[in-house]
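Let me begin by presenting the structure, written as structure tokens, before commenting on it.
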Amino acid sequence: MNLRFLPIALLAFAASGWSQEESDSPEAQLPLDDLRTFTRVYTHIRNAYVEEISDKELLEYAIKGMLSELDPHSNYLDAASFDSLQVNTTGEYGGLGIEVGTERGFVKVIAPIDDTPASKAGIQSGDLIIAIDDKSVKGLSLDEAIELMRGPIGTDVIISVVREGVDKPFDVTLTRATVTVRSVRSSIVEPGFGYLRIAQFQVKTGDEVLKEIKKLKDQDTELKGLVLDLRNNPGGILQSSVQVADAFLEEGLVVYTKGRIENADIEYRANPGDEIKGIPLVVLINSGSASASEIVAGALQDHGRAIIMGTDSFGKGSVQTVLPITDDRAIKLTTALYFTPNGRSIQAQGIVPDITVERAEIKAFNSQIFTEADLQGHLDNANGGEVSDSKTREEKSKSAPSLAESDNQLFEAISLLKGLSIFNKQNKPESETPETATKEAI
């Protein structure tokens, strides 16, 4: 599978002198026989190809070929690509709002981005795009397919989608827009239980997470549990993922990287202080959770700080370094692999959840249920509690769709947090109860 992540896990923007020093080392002497082969091929193409190609174009093709053969994430960034990369890490750009790769010659949706044309139209992780404006993408490069999907803001593009479980391909019309990715948002799902969603790891994501946690604590001063939602989060800035994991850890290793060059071996550690003071935490992941998302999930899992729920993550465990070549060109090169605190490599394997919960469509079983309250002449509740008959209960159930119906994975996460809260309360040492504290004070 060939994948292209626009927001990538960046280790650094390295100085161009780094590569020059490496190439001057004795071990980096170029093989003359292979160079002669290259120049012969170059000369044949230059002189005999059916269309004339400039030396500049041929050399750029050669560079692109070298990088594309290394791995799916190393590539050459021309002026437009370099500018696009820097814009995307800030969270605003033009497009449809999908992270894409290729599979079997078609464009595969890795993850739709929250609050974008793609997510609003119902595009899902795993969808295959087989045509764009009635033009088949079979045989096109990923860049060519992406170019077809781009266009002036406000214009429409029709994509033909194949989805698992749907018998026939179907068309979706999307209106191109300026995509402003809201990195972090939060809400109180119900009293005592908060929800924190990270759509993408941008430069300011770490600071935004701290602000949203404070907002949650202000909204509900007695938080009993928190859900951290990393589903369909394609990753982003490595340092931001470290800051997010640090927000929930008291101390210890968050992630470390290993590569061939000396400055590729780096350890990232948490600073003292858990922002939510140890309350139960559930992290939701799925196949669209990649790179920086996996760093956070892996760190919290290894430290036993969170329960990971959902489905296996994507499995991108490599770090790319952007090496400027000129003022407006660079190469994006895989320079290291990252490992969780316990030494697990996520590359091509991903994070396996502690509790597997598949995304499913759940419908309530609406059967007529009678209880004591429906019987004529029933006795009132001795404690003065509210008594509801079947009609009243039915009206309440129809007032809004349940969380189980709208998002079964989030429903399971909240249910687990409720269970942990009840268990912890029941098993709280007697010395910590308010009654005991009062007796001691007396």
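The values are calculated or read from the model by the stated rules, or taken from the named source; none is laboratory data. All figures in this text were calculated on a predicted structure; none of them were measured in a lab. Quick reminder, even Gly has a Cβ in these numbers, built from the backbone with ideal geometry, and neighbours come from all protein chains shown.
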Would you confirm whether or not region 197-213 contains a residue that is buried (at least 18 other Cβ atoms within 10 Å of the Cβ), of a type in the set (Ser, Thr, Tyr) and modelled with pLDDT under 95? no
If I ask for residues that are surrounded by 14 or more Cβ atoms within 10 Å (Cβ to Cβ) and in a strand (DSSP E or B), which ones from region 118-138 would you list? Leu128, Ile129, Ile130, Ala131, Ile132
For region 244-280, enumerate the residues that are surrounded by 19 or more Cβ atoms within 10 Å (Cβ to Cβ), in contact with a Phe, Trp or Tyr (Cβ under 6 Å, 6 or more places away or on another chain) and of a type outside the set (S, T, N, Q). Val254, Val255
Under the condition of being buried (at least 17 other Cβ atoms within 10 Å of the Cβ) and acidic (Asp, Glu), which residue from region 403-428 is nearest to Lys224 (Cα to Cα)? Glu412
Qualifying residue in region 297-316 (condition: surrounded by fewer than 16 Cβ atoms within 10 Å (Cβ to Cβ) and either at pLDDT below 95 or within 17 Å of the chain's Cα centre (by Cα) (or both)): yes
